[in-house]
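What follows is a single structure, written as structure tokens, with notes after it.
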């Protein structure tokens, strides 16, 4: 027994002796693994940093999305980057429905303020009036070329229309307040028709080698986005993840806004051509522009007559009569963006697949920041006996999609409600007196940036022509 115990103890001591080198080896292996993991983390960090920098350059190229002359590929077009300043003009695509009372003012404004020279119009099939007399007058009297398209010029065949209507989500139809199946089908057809017209019109302008093209309505006006003199603009909070490129663009735009031209002193087309190699023009071939809604609040006689030639009645112009607007930069009342697009820098295949009138293509405003607004949080009920802390709580409210910050653009779009008579003249079940009053009473201040356009128009075409083209708005 004693011998067996001695043997067991001897074996145990040998085992312990053998394990000691193994433990030392394990420690060395653990140390090596720790060093490897440390180096691995470093290499992963370097790889991620490199990937982020590559993505930034990729974003820049995608933002510019410049197209080749045949429109098949996207690349940085040297002819655009090095081309000399040329005679500048704007083009437009316009869908109208019983808008003769607004059309003359819209044409005159954009002819002088934006150098609008090429316009394609399509009339809604349910319209009861024809714009032809007005269009013939403008074609005969000015150098603007206006084409009137019929549905046959841009609408696909019936089978293709049915397929496109079937793709429209039912949710978007419900939001418009259409209850009956007939109304739903009519709205779906309108959506299809709208996209087909815009796409065909933009492609037409591209084939004609034109550049900047606006997609707005007859109650909307393209304006330089000067900084509000009274500080009446919404405030925003930039994302902490804002990259350097977007921050530089934002700072550049905010600086330029301080010195934008007066409406009429220089056309928007001339300004865009002159600064085409500068920010933001050189990297935004499609610009989403915030809208500013004007209600129906009236102004004093002295305010109406300011900067208006004596031969004209300011009350017959929406742009001069209605000066009071919604909160600049807020989504309420102003709603979604509208767009302008340089068709010479967008691929044909992209223009064939328009997204919607508010954000035409994916290239629209890729250089913009995705931010949020800071607003007071909703009032929270406090149980009796507890005191409320006197501090302002702030919540982050994300900006809606297809909605741009007012301080990120050099242009904006004024949107006019007009008078009750013009508002009610369109046959639309959604246009009620109650809704008109609700929207019409908006008043977050007044803005007169646009008022100088009529004087500029008279100077441009002469008093005699101005009276002919705006004959129904004379005193």
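Since every read-out is calculated from the coordinates, none of them should be taken as a lab result. Quick caveat, the model's predicted, so the values are computed rather than measured. Positions of Cβ are backbone-derived with ideal geometry, glycine not excepted, and every protein chain shown enters the neighbour counts.
Numbers below:
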{"read-out": "Length-normalised contact order for segment 241-327 - Cα pairs under 8 Å, 6+ apart - percent", "value": "26"}
{"read-out": "Length gained when the stretch residue 141-residue 190 is fully extended (0.36 nm per residue, less Cα-Cα span)", "value": "14.4 nm"}
{"read-out": "Net length gained if the chain between residue 258 and residue 163 were fully extended (0.36 nm per residue, minus Cα distance)", "value": "29.3 nm"}
{"read-out": "Under 15 Å from the residue 230 label point (7 Å along Cα→beta-carbon), backbone N, segment 426-456", "value": "442-450"}
{"read-out": "Calculated FRET efficiency for the pair residue 124/residue 463, C-beta based, R₀ 22 Å, to 0.05", "value": "0.05"}
{"read-out": "FRET E, pair residue 421, residue 244, Förster distance 51 Å, beta-carbon r, rounded to 0.05", "value": "0.45"}
{"read-out": "Span from the segment 330-360 Cα centroid across to the segment 437-451 one, whole angstrom", "value": "25"}
{"read-out": "q = 0.16, 0.21 Å⁻¹: log10 I(q)/I(0) that the Debye formula gives for segment 271-335, counting C-alpha atoms only", "value": "-0.76, -0.85"}
{"read-out": "Which of 338, 244, 472, 206 has the fewest Cβ neighbours within 10 Å, and the rest in rising order", "value": "244, 472, 206, 338"}
{"read-out": "At R0 = 60 Å, FRET efficiency that the Cβ-Cβ distance of residue 50 and residue 437 yields, to 0.05", "value": "0.50"}
